[in-house]
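Taking it in order: structure first as structure tokens, then the write-up.
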Amino acid sequence: LQLSACPDALVLISTPVDICADPWFVELLDGQIPCQELSPASQVRPGLPPGVFFQAGKDDMVPYTSVAAFVEQMRLAGNRCELFSYPDDDHFLGGPESPRRQEILGHIERFLVSLGYRSAP
């Protein structure tokens, strides 16, 4: 009870942010809860934790446009939010063996260093 459940920073890869646009998720809710109460896209406001997003342009599970719109909403609300785009990749950004893996890990490390959560290499 002494710890906060609020994150200090977000590192998100291929993350759905507008669940109201996802028919499968809305069906799971079965009308019990309005999707807007759970959708990150409906919760944007000033003072949210800084975030970095990694999103593929050819993601068939999470539309790139939804993530780009969310990042823009976050920025307009005054939140730090970065987006790294991979136009030719799919949802898994090439998987664990992808040459992008080291690039993405480097971006994550720089993000965490900039926030003071990790020492510079």
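The values are calculated or read from the model by the stated rules, or taken from the named source; none is laboratory data. Everything quoted here is computed from the prediction, not taken from an experiment. Note that we place each Cβ from the backbone using ideal geometry, even for glycine, and neighbour counts take in every protein chain shown. We work out accessible area using only protein heavy atoms, side chains counted, and drop any ligands, DNA or RNA first. Shrake-Rupley method; radii C 1.70, N 1.55, O 1.52, S 1.80 Å.
With all protein chains in place and a 1.4 Å probe, the accessible surface of the chain carries 56 percent carbon and sulfur.
Cysteine residues of the chain whose C-beta has no other cysteine C-beta under 4.7 angstrom: Cys6, Cys81. In order along region 104-111, phi translates into HN-Hα couplings of 4, 4, x, 4, 4, 4, 4, 4 Hz, rounded to whole numbers, per the Karplus curve 6.51 cos²θ - 1.76 cosθ + 1.60 with θ = phi - 60° and x for Gly and Pro.
Pairs of alpha carbons in the chain separated by more than 24 Å make up 35% of all such pairs. 3J(HN,Hα) along region 76-88, derived from phi through the Karplus expression 6.51 cos²θ - 1.76 cosθ + 1.60 where θ = phi - 60°, amounts to 4, 7, x, 8, 6, 8, 10, 10, 10, 9, 10, x, 9 Hz, with x in place of Gly and Pro. Residues of region 6-37 with an amide N closer than 12 Å to a point placed 7 Å from the Cα of Glu82 along the Cα-to-Cβ direction: 10-12. Per-residue packing, averaged as other Cβ atoms within 10 Å, sorts the ranges 37-48, 13-24 into the order 13-24, 37-48, beginning with the highest.
3J(HN,Hα) along region 59-70: 6, 8, 10, 10, x, 4, 4, 5, 6, 4, 5, 4 Hz, from the Karplus curve 6.51 cos²θ - 1.76 cosθ + 1.60 with θ = phi - 60°, whole Hz, x for Gly and Pro.
Sorting the segments 6-12, 80-86 by their mean number of nearby beta carbons within 10 angstrom, highest to lowest, gives 80-86, 6-12.
Among 105-113, 91-99, how do they line up by average Cβ neighbours within 10 Å per residue, starting with the highest? Don't jump to the answer; show the numbers that get you there.
Numbers: 105-113: 14.4, 91-99: 12.0.
Sorting 105-113, 91-99 by mean packing, highest first, produces 105-113, 91-99.
Which value in Å is the Kirkwood Rh of region 31-71 over different Cα pairs? Mind dumping the intermediate values first?
Values: mean 1/r = 0.0833 Å⁻¹.
It is 12.0 Å.
As a test of the formula, what do you get for the chain when each DSSP H run with n ≥ 4 contributes -39,500 (n - 2.57) and the sum is divided by the residue count, at 222 nm and rounded to the nearest 500 deg cm²/dmol?
Numbers: 3 runs with 35 residues, N = 121.
Rounded to the nearest 500, the figure is -9000 deg cm²/dmol.
A straight chain from Leu28 to His91 at 0.36 nm per residue would run longer than the Cα-Cα distance by 20.5 nm.
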